[in-house]
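Trainee: Just dropping this structure here.
We did not get these values from a lab; they are worked out from the coordinates using the rules stated. This is a predicted model, so every value here is computed, not measured. Neighbour counts are summed over all protein chains in view; Cβ atoms, including those assigned to glycine, are modelled from backbone coordinates with ideal geometry.
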Amino acid sequence: MTFSLVGTLVVAITTVLRTIGLPGLIALMAIESFGIPPLPSEVILPFTGFLVAEGTFGFVPAVLAAVAGGLIGAYAAYAVGRWWRHRITGLGVGQLRLDPSRLERMDRFFARRGEITVTLARLVPVVRAYVSYPAGTARMEPLRFGVFTTVGSLPFAVGLIYAGVVLGSHWSIVAREFGLLDLALYALLVAGVVYVALVAAGKIRPKFLHPPTSPSSSGPPEVPPRELPPPS
């Protein structure tokens, strides 16, 4: 007998949606948006669409419940990031120690590009579940965070629920296709963790942590040539 984590998640998700209904959808999407434990929205939303096609849910209430649940989980993750900001200063190993200057750079990044970052991240599987943490750590303005989280989450929810409506009992096709994208993204995350570990151990020295010094800041200063006196 083999154990399938994905299969177990599918059974658990479909059971919750069938037995609890829209409150279950809100709870599942809140957990998915919080990211711990990871729940695949690529299963939750297409199966919700299948239940819409069956007549169990209305399309608009299902979309609103999915977005509301995602917003709840996003704000919970945002609060964790914001609350832990002062606790993570000074944490890290070697070159990856989080000093105040790096947090200030993250603050400036979210001040300039927080809206587009949060909006686009909500459209990407896996990434959508974790962008709230750095947004909270960077102290992005809470109302702006909520507005752009909703802007990004709405088309994602509408698209996957509608796909489940169209496919009906074949909704698992969407989950399988998006599951391949999830695998690729998780592989990238694993590669990123390995890279970070190598940087922390000093095996890799990335240029962004060690910018090249300008010629004027290294070596002895150049002496300007002396001007010769005019001929008499």
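Trainee: Please list, in chain and number order, the residues 5+ apart from Phe57 or on another chain whose amide H is under 5 Å from its amide H, with Hs placed from the backbone.
Mentor: Those lying under 5 Å, H to H, from Phe57 are Val52.
Trainee: Mind giving me the nanometre distance, one decimal, between the label points for Ala27 and Leu64, set 7 Å out from Cα along Cα→Cβ?
Mentor: With each label placed 7 Å out from Cα toward Cβ, I get 2.1 nm.
Trainee: Give me Met106, Met29 ranked fewest to most by other Cβ atoms within 10 Å of their Cβ, as a rough exposure proxy. Write down the numbers at each step before the final one.
Mentor: Working: Met106 16, Met29 27.
Exposure proxy ranking, most exposed first: Met106, Met29.
Trainee: Can you give the extra length, in nm with one decimal, that the chain gains between Met106 and Val124 once fully stretched, where that is 0.36 nm per residue apart less the Cα-Cα distance? Before the final figure, lay out each step's value.
Mentor: On the way: separation 18, 0.36 × 18 = 6.48 nm, distance 2.08 nm.
This chain segment gains 4.4 nm when fully extended.
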